[in-house]
Amino acid sequence: MGRSRNGRRGGGGAEAVVEAVDGGLAELIPDRERARAWTLLIDGAPQSHVDLDDPAHLSFEYQRRLGHVIDLAAPPGRPVHAVHLGGGALTLARYVAATRPRSTQQVVERDAALVQLVRRQLPLDPGARIRVRATDAREGLAKVLDGWADLVIADVFSGARTPAHLTSTEFLDEVRRVLKPGGVYAANLADGPPLAHLRGQIATAAARFSELALVADPTVLRGKRFGNAVLVASDTPLPVAELTRRAASDPHPGRLEHGRALRDFTGGASPVTDAAATASPAPPPSVFR
């Protein structure tokens, strides 16, 4: 059962909920400034932020960048078919439902206990067409029909690391199978100096998609600190100019790299295969302080 944590009250008087889930200790911390908003932490690492009164509000920097990708994946308001690998508090699925009504979505989240906690404490809009499968991300992706998705979003972390089997060319072959022609793949990646993981992931995506873009804080791209980067890939031209503008105008401005500059950024890194794949690096403890 969840228990309250002393002193952790939100603006609406709600108390924190702390509960053991399959992936560790989950905490739902109420937002002091938004009456029905919550932050999800797993073992102290922030995972998601949700505002039940305003599901179109994206608080986390990387989620805002993924939100820009969602906004530009199709004409405004048009329903899409979306697959979310990694559920967390279902923030991005809620965002799609709010900004693109009548969208059909599949969420794959391995942690069944976390899914139950989120459904109970942060219930979904009953009218949202969101199906949640409690299974491994790659196993869940294998069950999606060929050419079904307009959008595949990967945001999967286990112990604050992306599992190795979600970093390979074979994994991206499954993503490509599921995407419609012209569909978009977006992934939340995390890395720090010397950025070997990030460079390898760009090389891997370049081996399977003709169009790539990467959005991140400039200090992350320069290898100055550990942080998130959003990789966007497609076989049709990406809305680079608008993504650049939106990233630059965020509260924490991001820089977009694409084309030759992005290819040069890989520094000759090779695509990652299942046989050689490793999990993303663990963040330093200072990241979550």
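Are any of the residues in the stretch 166-174 more than 21 Å from Arg199 (Cα to Cα) and among the aliphatic types (A, V, I, L, M)? Within the stretch 166-174, not a single residue is more than 21 Å from Arg199 (Cα to Cα) and among the aliphatic types (A, V, I, L, M). I'm checking my understanding of the structure. Among residues of the stretch 176-188 that are of a type in the set (A, V, I, L, M, F, W, C) and open to solvent by less than 10 Å² (accessible area, probe 1.4 Å), which one is nearest to the chain's Cα centre (by Cα)? The residue in question is Ala187.
Selection of the stretch 71-88 for residues being crowded, with 23+ Cβ neighbours inside 10 Å and among the aliphatic types (A, V, I, L, M) yields Ala73, Ala82, Val83, Leu85. Residues in the stretch 89-147 that are among the basic types (Lys, Arg) and either modelled with pLDDT under 95 or open to solvent by 30 Å² or more (accessible area, probe 1.4 Å) (or both): Arg102, Arg110, Arg119, Arg120, Arg129, Arg131, Arg133, Arg138, Lys143.
Which of the residues that make up the stretch 250-262 are without any contact (Cβ under 8 Å) to a residue 60 or more places away in the chain, surrounded by 11 or more Cβ atoms within 10 Å (Cβ to Cβ) and either closer than 16 Å to Glu211 by Cβ or of a type in the set (A, V, I, L, M) (or both)? Within the stretch 250-262, Leu256, Glu257, His258, Gly259 meet the criteria.
Would you confirm whether any residue within the stretch 281-289 is free of Cβ contacts under 8 Å to residues at least 12 places away in the same chain, open to solvent by 30 Å² or more (accessible area, probe 1.4 Å), in a loop (DSSP other than H, G, I, E, B) and closer than 21 Å to Gly159 by Cα?
Going residue by residue through the stretch 281-289, those that are free of Cβ contacts under 8 Å to residues at least 12 places away in the same chain are 285-286, 289.
Adding the requirement that they be open to solvent by 30 Å² or more (accessible area, probe 1.4 Å) leaves 285-286, 289.
From the residues that got through so far, the ones that are in a loop (DSSP other than H, G, I, E, B) too are 289.
In the following step, the residues that additionally are closer than 21 Å to Gly159 by Cα were identified as 289.
Yes.
Kindly indicate whether Ala20 is open to solvent by 60 Å² or more (accessible area, probe 1.4 Å) and out of contact with any Leu (no Cβ under 9 Å at 6 or more places or on another chain). Against the criterion (open to solvent by 60 Å² or more (accessible area, probe 1.4 Å) and out of contact with any Leu (no Cβ under 9 Å at 6 or more places or on another chain)), Ala20 qualifies. The number of residues in the stretch 123-137 that are among the charged types (D, E, K, R) and either assigned to a loop (DSSP other than H, G, I, E, B) or out of contact with any strand residue (DSSP E or B) (no Cβ under 8 Å at 6 or more places or on another chain) (or both) comes to 2.
For every residue, the table says whether it meets (1) touching a helix residue (DSSP H, G or I) at 6+ places or on another chain (Cβ under 8 Å); (2) open to solvent by 60 Å² or more (accessible area, probe 1.4 Å).
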site	(1), (2)
Leu198	no, no
Asn228	yes, no
Pro237	no, yes
Arg246	yes, no
Thr273	yes, no
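Contact annotation: residue pairs with Cβ atoms under 6 Å, 6 or more positions apart or on different chains, pairing a residue in the stretch 131-147 that is at positive phi with a partner that is surrounded by 13 or more Cβ atoms within 10 Å (Cβ to Cβ) and of a type in the set (D, E, K, R), are Gly147/Lys180.
The values are calculated or read from the model by the stated rules, or taken from the named source; none is laboratory data. Given the structure is predicted, the values throughout are model-derived calculations rather than measurements. So basically every Cβ, Gly included, is an ideal-geometry build from the backbone, and we count neighbours across all protein chains shown. We work out accessible area using only protein heavy atoms, side chains counted, and drop any ligands, DNA or RNA first. Shrake-Rupley method; radii C 1.70, N 1.55, O 1.52, S 1.80 Å.
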